[in-house]
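The values are calculated or read from the model by the stated rules, or taken from the named source; none is laboratory data. Everything numeric here is computed off the predicted structure, so don't read it as measured data. Quick reminder, even Gly has a Cβ in these numbers, built from the backbone with ideal geometry, and neighbours come from all protein chains shown.
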Amino acid sequence: MKKNIESGGKKQGYSVSVSRIVLAVLVFFWLLSGSAQATSIENACALVLEKLNANLAARGEIIALLPGGDYLVEFDDLVPAYGAELLAFGDAVELDEQGDAVAASPIFRGSVTVMESSGHLCRMRVEEGGEGLVVADRVWVPEPVVVYLTPVGNLAADPGLAAQLARALAAQLPGFGNLRVFSLPNANQTTVDFLRRQCRGQGLYGMLIQPGIVLQNERYKVRLSLTSLFSGQPLAPLEQEFKGFTPPSALLKGAGGWSRR
């Protein structure tokens, strides 16, 4: 009997030791992933802001009218992504007394949206106005761009990740393009309508950005939900995956659970 008791005690001690070792290993890798993740979320933030910058800083020229009324636009360097909104401008030419052109200034013709792109070419569709658009008219987003930024949404239910993204945005966003960035505590349709009237009344292009952390198909993503303050319409969101992590408690629970007695 004594031997059995001793044997049982040894087994119990062995089991507890293994549990502690497993927990220690999980915590170790969790901490490693957490430290690596800070860089990953910062990189994801930088990449998604580069996409935003391409949408706002791209400059193109209409090179052809396509069947169905769309336009083929060629861009020099930066190419906007699907769903990006740009404004189209023609030239208002000033003539001298002899009828010769002496100056040209841009005249607004309408807004266009990227439907698809390949290389430096985009197929764009007129969303507003567009009367008189011709080959050689140009498309771009006038600077400065007014950006209204809401707090980070946390659909992944991880406050640590949300806080890291908020810090990354605060550090990186001012360095992208000619932006005037303002913070908003929240936003709804009434807010969008008010900001839209304000921006258009001042002749400025504005955008509402609602950043968030989402967990989709076991993949973490930085997502920027965008709303144009020119048209008042939602634009295609910009996303970038990054490496997330699962807390040790969740890992242990998934492996059968662990509790102290």
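For segment 134-144, the tally of residues that are hydrophobic (A, V, I, L, M, F, W, C) and in a loop (DSSP other than H, G, I, E, B) stands at 4. Taking the listed residues GLY232, GLY212, GLY257, GLY206, the one that is small (Gly, Ala, Ser), modelled with pLDDT under 85 and not in a helix (DSSP H, G or I) is GLY257, with no other qualifying.
Checking each residue in segment 149-178 for being polar (S, T, N, Q) and closer than 24 Å to THR191 by Cβ picks out THR150, ASN154, ASN178. Of all the numbered requirements in (1) within 30 Å of GLN202 (Cα to Cα); (2) buried (at least 17 other Cβ atoms within 10 Å of the Cβ), ALA136 misses one, and that requirement is (2).
With respect to VAL147, determine if the residue is part of a helix (DSSP H, G or I), at pLDDT 95 or above, touching a Leu at 6+ places or on another chain (Cβ under 8 Å) and under 23 Å from ASN55 (Cβ atoms). Judged against the criteria, VAL147 is not a match. Within segment 20-41, the presence of a residue that is under 25 Å from VAL147 (Cβ atoms), out of contact with any Phe, Trp or Tyr (no Cβ under 6 Å at 6 or more places or on another chain) and at pLDDT 90 or above is excluded. Of the residues making up segment 173-194, not a single one is at pLDDT 95 or above and under 18 Å from GLU50 (Cβ atoms).
Condition check ((1) touching a Leu at 6+ places or on another chain (Cβ under 6 Å); (2) in a helix (DSSP H, G or I); (3) surrounded by 14 or more Cβ atoms within 10 Å (Cβ to Cβ); (4) without any contact (Cβ under 8 Å) to a residue 40 or more places away in the chain) across all residues:
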{"site": "SER111", "(1), (2), (3), (4)": "yes, no, yes, no"}
{"site": "ALA156", "(1), (2), (3), (4)": "yes, no, yes, no"}
{"site": "LEU161", "(1), (2), (3), (4)": "no, yes, yes, no"}
{"site": "LEU173", "(1), (2), (3), (4)": "no, yes, yes, no"}
{"site": "ASN186", "(1), (2), (3), (4)": "no, no, no, yes"}
{"site": "PHE194", "(1), (2), (3), (4)": "no, yes, no, yes"}
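Only one of the numbered conditions (1) surrounded by fewer than 17 Cβ atoms within 10 Å (Cβ to Cβ); (2) at negative phi; (3) of a type outside the set (D, E, K, R) is not met by VAL152, and that is (1).
When segment 113-133 is limited to residues that are out of contact with any Gly (no Cβ under 8 Å at 6 or more places or on another chain) and part of a loop (DSSP other than H, G, I, E, B), the one that is surrounded by the most Cβ atoms within 10 Å (Cβ to Cβ) turns out to be HIS120.
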